[in-house]
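For reference, the structure discussed in these notes is given below.
Throughout, read-outs are computed from the coordinates displayed, never taken from laboratory work. In this text the structure is predicted, and so the values were computed from the model without any measurement. Because the Cβ atoms are built from the backbone with ideal geometry, glycine has one as well, and the counts that use them run over all protein chains shown.
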Amino acid sequence: MSTQRWKLGAAALAAAFFLAGCETVPNVGGGAGGLAAALGGAMGGGNNSAGMANGIQDVVSGASAVFKDYSPQEQRALGQEFSSVLLGARPLLRNDAVQRYVNQVGWWVALQAEPPKDKDGRDIQFAWRFGVIDSDAVNAYATPGGYVFVTVGLLCKLNNEAELAGVLAHEVAHVVRGHYLSALKKGGFAQIAGGIVQTQTRNGGAMTAAMVNAVRNLYAKGLDQSDEFDADRQGLLYAARAGYQANGLPKVLRMYAASGSGSDAAYQMLFSTHPAPAERASRLEPLLGSKFAAASNVTNEARYLAMRRKL
């Protein structure tokens with residue numbers, strides 16, 4: 001893996017983030033306020049927060065414990081080095097307009113997630129970064145600390161902004177629920193993670209081959225199925241809170257089931273590291289028919305297709 005390639009990739013990602021900070025995402029059906037009105041009756045709450053609490057499990061409950069082992073600074077260090085491994089395989093897409101667009105949607109969705117607590121009970125504020133990887137594979141990735149990536153191959157398969165929001169929200173959920181930090185523990189990578197943090201924060205040197213391989217193995221193995229189902233549920237919530245059609249993520253899952261397979265090179269990694277997409281979609285159906293029945297129907301299809309033509 002080339003350190004120079006990572007530095008160039010990180011610079012491009014930082015530039016995309018900076019550009020994204022100049023605007024908010026408009027025309028999503030009133031944002032959180034619009035969603036509060038839409039869900040008030042369906043969920044029995046007088047406001048957005050109360051209504052959500054009545055129908056969806058608390059997104060913070062059970063998630064904070066895993067963050068006690070890593071400070072926000074250490075999580076960012078892990079995220080940077082995990083990202084270096086991902087970008088060492090395939091670089092960021094050199095397209096400022098597309099990078100800006102994905103950052104805008106991603107940041108707006110991430111704002112809908114409740115921050116977990118650190119060991120002192122303070123909210124953890126993630127320095128979110130979103131990027132598009134120049135790869136034909138159909139996939140999306142997240143790292144500790146708030147780095148989220150989608151591939152060009154995935155963007156070409158999506159049909160509207162609500163679907164993109166659903167995918168990004170799923171990855172955001174992996175971060176705020178601490179799924180990758182938990183995987184480090186369960187997989188016996190805690191010592192390796194400590195070495196990665198020390199390398200990034202103190203030494204400033206390159207990761208060892210063992211560290212790189214550990215990160216690669218983590219992504220090749222994938223997360224627990226229970227974590228994937230959890231991220232689906234929370235992602236549905238975050239995207240709906242952002243004012244998007246709640247059905248965005250389920251539509252993507254049904255697209256995976258209809259057009260992909262484990263023998264297709266473009267989908268191979270996705271299928272090998274996730275539960276069957278049809279099962280994931282079916283688990284979300286009860287929520288769509290009840291808790292989110294009155295949610296916004298905004299998809300921003302025209303805007304998404306205009307972006308997709310730039311790929």
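When restricted to Cα atoms, the range 83-122 yields an Rg and a Dmax of 15.0, 41 Å, respectively. Scanning residues 5 or more positions from THR151 or on other chains, those with amide H under 5 Å from its amide H are ILE133, ASN139, with H placed 1.01 Å from N in the peptide plane. Taking a straight Cα-Cα cut-off under 28 Å and skipping sequence neighbours fewer than 8 places away in the same chain, the lysines within cross-link reach of LYS119 are LYS68, LYS185, LYS186. Sparse packing (at most 13 other Cβ atoms within 10 Å of the Cβ) combined with a DSSP loop state is found for the following trypsin sites (Lys or Arg not before Pro) in the range 113-211: LYS119, ARG122. Report, ordered by chain and residue number, the lysines lying within cross-link reach of LYS291, taken as a straight Cα distance under 24 Å and ignoring same-chain residues fewer than 8 apart. Those lysines meeting the cut-off are LYS251. In plain terms, the chain from PHE229 to THR208 could stretch by 4.3 nm, reckoned as 0.36 nm per residue minus the Cα-Cα distance. Each of GLY194, GLN245, PHE126 was placed along the dipole of the range 120-262 (beta-carbon charges, centred on the mean Cα), and the one lying farthest toward the positive end is GLY194.
A crude spin-label estimate for the pair ARG309 and ALA294, with each label 7 Å from Cα along the Cβ direction, gives 3.8 nm. In order along the range 230-244, phi translates into HN-Hα couplings of 4, 5, 4, 5, 5, x, 4, 5, 4, 5, 5, 4, 6, x, 8 Hz, rounded to whole numbers, per the Karplus curve 6.51 cos²θ - 1.76 cosθ + 1.60 with θ = phi - 60° and x for Gly and Pro. Once backbone amide H atoms are built at 1.01 Å from N, VAL298 has GLN245 as its partners under 5 Å, excluding neighbours fewer than 5 places away on the same chain. Stretching the chain fully between SER259 and ASN217 yields a gain of 12.5 nm (0.36 nm per residue, less the alpha carbon separation). Taking each residue as 0.36 nm, the span from ALA127 to THR273 lengthens on full extension beyond its C-alpha to C-alpha distance by 50.0 nm. Sorted on the mean count of surrounding Cβ atoms within 10 Å across their residues, most packed first, peptides 137-146, 259-268, 289-298 read 137-146, 289-298, 259-268.
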